[in-house]
1. Select from the stretch 123-135 the residues that are without any contact (Cβ under 8 Å) to a residue 60 or more places away in the chain and not in a helix (DSSP H, G or I) and write down the one among them that is nearest to the chain's Cα centre (by Cα).
2. Only one of E282, E269 is touching a residue at least 24 places away in the same chain (Cβ under 8 Å), out of contact with any strand residue (DSSP E or B) (no Cβ under 6 Å at 6 or more places or on another chain) and of a type in the set (D, E). Can you tell me which?
3. Looking at the stretch 191-226 only, could you name the residues that are assigned to a loop (DSSP other than H, G, I, E, B) and of a type in the set (A, V, I, L, M)?
4. Yes or no: the stretch 28-47 includes at least one residue that is exposed (fewer than 13 other Cβ atoms within 10 Å of the Cβ) and charged (D, E, K, R).
5. Within the stretch 135-150, can you find the residues that are crowded, with 17+ Cβ neighbours inside 10 Å and under 15 Å from L175 (Cβ atoms)?
6. Can you name the residue in the stretch 272-281 that is part of a helix (DSSP H, G or I) and touching a Leu at 6+ places or on another chain (Cβ under 7 Å) and is also surrounded by the most Cβ atoms within 10 Å (Cβ to Cβ) among such residues?
7. Which numbered condition trips up L56, out of (1) within 21 Å of E112 (Cα to Cα); (2) modelled with pLDDT of 95 or more; (3) out of contact with any Leu (no Cβ under 6 Å at 6 or more places or on another chain)?
8. Can you tell me which residue among V84, V69, V17, V22 is assigned by TED's automatic domain parsing to the domain that holds L116 and out of contact with any helix residue (DSSP H, G or I) (no Cβ under 7 Å at 6 or more places or on another chain)?
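The values are calculated or read from the model by the stated rules, or taken from the named source; none is laboratory data. Quantities reported herein were computed from a predicted structural model and do not represent experimental measurements. Methodologically, a virtual Cβ is constructed for each residue, glycine included, from the backbone with ideal geometry; neighbour enumeration extends over all protein chains shown.
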Amino acid sequence: MAKQVQDCLREWICSRVDEPVVSWIDETTQRISDGDLKQLYLRFGLAARKVPKLDLNPSEDELASAEAVRPGWKPGNWSLLDAVRTLFVLSIPATDEQQYVATLDRLFAAGEVHELVALYQALPLYPFPTAHVNRTGEGIRTNMRSVFCSVAHRNVYPSEQLPEGLWNQMVLKCLFVEASLFPVVGLEERNNVTLSQMLSDYAHERWAARRTVHPELWRCVDIDRYEPAAADLERVLTEGNDVEKQAAALALKDRTSPAAQKLREANPELMAKVNSSEVTWETVYHQLFD
């Protein structure tokens, strides 16, 4: 996979920069491949002076290529500089897990915000995938919003590798910092009863403090697994604003419990919009964040 990803990145980069920059990038990747880590550390930062400050803006064909070589890889929001830095990191010899992780750790330790974003959003592409869980935890705990979002948004690594506790922490933090859940990969697949209870409890705390509850919270509340949350959804469907009611209805769509069926029957018009896809998590996202 690594070679195919590198080939994709180099093709995209070469189509967007002039020949002197291509030559500098090729020289750099060769020196890194030969084990010259000094040049990696030097040029990882220096790339900001060499590479145009442009969005990568991949085409539909390029996005399809990304998905083909690494399922779940979503570089749609990457910059051109992110692509170059990722190419450099993927050129590090991957013959020894401990050495590879130590090299990455040094890059993370020295990285400024934009460098950290590039490093974290490329997590799905690195060799030795299970070795980067602790590093991902650091990205989740950061107080830098853009860095946190590079882990949580459009990044398949957390859903594939994080243990349940750390996954739940990431989802809850999205709500704390008002980062949308819509770009989080794998929400439905990784949903769990502990998270449903945590989010229900969090909603109760917000209501007790007379504060609003973010509508996307209900996406991860499964009343089939945690039945007490049925009362929460009933409250939202009764007292919430339009977008809150839409979110509660979406949370009921695929549930099979009697409690879910009862709530659907009590809200036929709204459920009809959900079933016809007039209301989706994407439409809720756009109402909240556009």
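1. Looking only at the stretch 123-135, we keep the residues that are without any contact (Cβ under 8 Å) to a residue 60 or more places away in the chain, and these are 123-124, 126, 128-135.
Imposing the further condition that a residue be not in a helix (DSSP H, G or I) reduces the set to 126, 128.
Numbers: Y126: 16, F128: 19 Å.
Result: Y126.
2. Of the residues listed, the single one that is touching a residue at least 24 places away in the same chain (Cβ under 8 Å), out of contact with any strand residue (DSSP E or B) (no Cβ under 6 Å at 6 or more places or on another chain) and of a type in the set (D, E) is E282.
3. Initially, the stretch 191-226 is screened for residues assigned to a loop (DSSP other than H, G, I, E, B), giving 191-192, 209-214, 221-226.
Matches in the stretch 191-226: A209, V213, V221, I223.
4. yes
5. The answer is I140, F148, C149.
6. Narrowing the stretch 272-281 to residues part of a helix (DSSP H, G or I): 272-275, 281.
Within this subset, residues satisfying the condition of being touching a Leu at 6+ places or on another chain (Cβ under 7 Å) are 274, 281.
Details: V274: 18, W281: 21.
Restricting to residues being part of a helix (DSSP H, G or I) and touching a Leu at 6+ places or on another chain (Cβ under 7 Å), the top hit is W281.
7. Only one criterion is unmet by L56, namely (3).
8. Values: V84 fails: out of contact with any helix residue (DSSP H, G or I) (no Cβ under 7 Å at 6 or more places or on another chain); V69 fails: out of contact with any helix residue (DSSP H, G or I) (no Cβ under 7 Å at 6 or more places or on another chain); V22 fails: out of contact with any helix residue (DSSP H, G or I) (no Cβ under 7 Å at 6 or more places or on another chain).
Criteria check complete, one pass: V17.
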